[in-house]
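None of the figures in this text is laboratory data; all of them are computed from the coordinates on show. Keep in mind that what you see is a predicted model, and the values were worked out from it rather than measured. Cβ atoms come from the backbone with ideal geometry, glycine included; neighbour counts cover every protein chain shown.
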Amino acid sequence: MRTRNVLIATIMNAITKNIVVFLLVMIGVGAFFSLYSHQSIKAQKVGIETVVDQIANESIRKIAVDGEELNIDLKDGTKEVAYKEPNESLSTLLKNFTVDPEKIKKIEIDISDQKKSFWLNTIFSFLLPFLILGFIVFFTIRQLQGVNNRALTFGMSRARQFDPKEMKNKVTFQDVAGAAEAKQELHEVIEFLKDPKKFHDLGAKIPKGVLLIGAPGTGKTLLAKAVAGEADAPFFHVSGSEFIEMFVGVGASRVRDLFARAKKSAPCIIFVDELDAVGRQRGAGLGGSHDEREQTLNQILVEMDGFEPTDNVIVIAATNRPDVLDPALLRPGRFDRRVLIDLPTLIDREAILKVHAKNKPLTSDIDFSRIAQRTPGFSGADLANLLNEAAILVARRDGKEITIGDVFSSIEKVILGPERKGRLISDKEKKITAYHEGGHALISHLLPDSPPVQKISIISRGPAAGYTMNLPTEDRLFRTKKEFQAELAVLLGGYTAEKIIFGDVTTGASDDLKKATRLARKLVMHYGMSEGLGQRTYGEKDDLIFLGREITEQRDYSEKTAEAIDAEISGFINAAHATAQQTIDKYREKLENIVQLLLEKETLEKEEFDALFERTKEE
Ligand code: ADP
Ligand code: ZN
């Protein structure tokens with residue numbers, strides 16, 4: 001139905017467009033003719049006697065006879081018109097006037113057959129409407145054909161094709177830092193693409209599909225490109241969402257087209273980004289066009305099943321939601337190889353930073369391991385962006401080299417938002433902020449299970465009035481209950497300090513409290529870390545398709561247990577608050593030192609902060 005409406009709209013469109021063109025042409029033609037006839041009006045009307053005289057003077061160059069009209073061109077360029085009797089020929093006319101025949105010979109005389117021109121005129125005026133009509137029809141049809149052609153290309157895949165052989169700076173494994181396991185897994189694919197025959201001869205089965213699983217920005221696309229680069233094989237890049245259009249059937253035909261194209265340039269790689277856009281579990285669709293998605297997915301499965309081993313096409317797909325993929329995609333013979341790409345570890349982050357620092361002027365003292373330490377949870381793309389931000393920062397202050405300070409400021413900008421130096425803060429607020437952040441920092445420093453403080457600041461950034469950065473110096477696989485308890489105490493440190501010093505609390509602590517509550521809930525419900533409720537988890541998380549993550553939590557416990565959970569959560573929070581309170585009471589003096597220095601300098605780096613404790617230790 002929709003297609004037909006679209007078609008009608010296009011036809012109407014084409015016709016109106018042509019009518020406009022036609023009108024323009026007609027106006028042009030009209031203008032031309034009116035000009036032309038204007039010219040003939042300009043020609044002077046003369047009597048036959050004058051013409052005879054002019055012939056005698058030899059001042060006439062040419063006479064064109066058109067019926068009873070004589071169009072005369074004089075030698076000096078002027079034009080004249082004279083009229084004779086309709087059925088009297090020019091020669092008899094001139095004879096009657098006894099003109100010297102010798103002189104007539106010198107004049108170019110052009111007699112157009114009146115009858116012929118009459119017929120021509122009639123035929124032309126008869127044909128003209130048909131010609132115009134034909135013209136319109138011709139153009140309309142041509143445009144419609146254009147539409148048709150577009151409709152044909154509609155079903156064609158929009159995959160972008162790269163051929164590393166023709167690329168100057170192709171991507172190789174050298175451009176991918178870290179991700180050692182992933183590279184290892186993909187090595188086999190490269191070997192195969194380089195020399196498929198070797199594998200076929202041995203009767204070895206090569207994976208048809210490799211699924212790269214990882215958070216956005218972890219370098220999935222980069223890895224796939226690097227595989228193509230290493231193997232010097234063509235690379236077709238397509239995104240899962242590009243298969244889907246409003247029209248049903250387009251996705252499937254695009255898949256067919258893509259695979260046909262790929263087979264022609266085999267051995268090669270098809271890279272499908274965002275596979276989850278088409279590969280979600282079938283039959284679970286809540287949205288409108290899931291029919292289309294299913295057809296597209298089916299077509300992908302059909303194509304992958306239809307591969308002959310000799311087709312030498314390998315499909316690499318990327319997703320960050322393997323949990324929602326249709327199980328059929330993961331069956332043997334399809335995407336049976338799965339490669340997990342984690343967020344980069346400390347060492348990997350350092351390596352990635354080095355890759356992206358290559359073309360940037362950095363001061364020689366830059367310490368990548370310290371940057372890596374401050375960027376836990378950053379993906380490869382985040383790190384690349386970080387160095388870019390730092391470069392922009394330097395360019396803005398007209399500097400020449402990027403210092404580690406620039407990179408640090410960029411980290412804070414990326415995490416917390418831009419500095420808001422211009423924001424007016426009263427002295428009172430500044431003091432409150434200093435005690436709040438001091439509280440966090442003091443507790444983080446003193447509790448053995450809490451990571452060291454990297455930086456404190458009371459310059460507001462984004463929504464935060466100040467911040468304390470405390471980060472572990474190494475990556476860890478597991479975290480202990482004691483660490484979580486320390487984290488809770490640190491989170492409550494700001495709130496507690498405010499309460500002890502001012503006897504009052506501000507809204508500035510609300511974010512801390514929210515985080516603390518969420519963390520405590522996790523300890524009780526998911527990690528089995530509460531004493532009272534013991535070793536089981538509560539609530540089954542259910543990712544509801546299309547509606548984002550963790551939207552529903554199925555309750556698999558009773559009302560009574562819910563109360564117990566609440567009590568346990570409060571227990572964790574209260575204990576953390578008590579720890580914070582004790583620590584601040586005991587080290588009140590240190591807190592005052594921190595606050596004093598903070599109010600003076602606004603920002604303390606790790607060294608300055610640590611020095612504060614060293615000094616007091618010696619005293
Ligand atoms: P994904 O496809 O997983 O979302 P991309 O491959 O598009 O991520 O990565 C985006 C950018 O991040 C890359 O172009 C690259 O600059 C950078 N990047 C990500 N991972 C790495 C890595 N391991 N080494 C170097 N650069 C990386
Ligand atoms: Zn806080």
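Scoring 447-459, 218-230 by mean Cβ neighbours within 10 Å over their residues and listing the highest first yields 218-230, 447-459. Across segment 126-133, computed HN-Hα scalar couplings (Karplus, 6.51 cos²θ - 1.76 cosθ + 1.60, θ = phi - 60°) run 6, 7, 3, x, 5, 4, 4, 4 Hz from first to last residue, x flagging Gly and Pro. Put simply, when 81-88, 383-390, 46-53 are sorted by average Cβ atoms within 10 angstrom per residue, most first, you get 383-390, 46-53, 81-88.
Highest mean packing first, where packing is the average number of other Cβ atoms within 10 Å per residue, the peptides 477-486, 188-197 line up as 188-197, 477-486. Spacing of the modelled spin labels on Ser265 and Leu340, each 7 Å from Cα toward Cβ, amounts to 3.4 nm. Report the chymotrypsin sites (Phe, Trp or Tyr not before Pro) located in segment 193-275 that are in a DSSP loop and have at most 16 other Cβ atoms inside 10 Å of their Cβ, or state none. Of the chymotrypsin sites (Phe, Trp or Tyr not before Pro), the ones in loops of segment 193-275 whose Cβ has at most 16 other Cβ atoms within 10 Å are Phe247. Once the Cα-Cα distance is subtracted from the 0.36 nm per residue extended length, the Tyr557 to Lys95 segment shows a gain of 153.6 nm.
Remark: C-alpha extents of segment 420-521 on the principal axes read 43, 27, 23 Å, sorted largest to smallest. Remark on Phe271: its backbone amide H falls under 5 Å from those of Phe236, His237, Val238, Ile316, a criterion applied only to residues 5 or more positions apart or on other chains, H modelled at 1.01 Å from N. Could you compute the FRET efficiency for Ala395 and Lys428, with r as their C-beta to C-beta distance and R0 at 30 Å, rounded to 0.05? The value I calculate is 0.20.
The separation of segment 62-136 from segment 343-387, counted between C-alpha centres, amounts to 90 Å.
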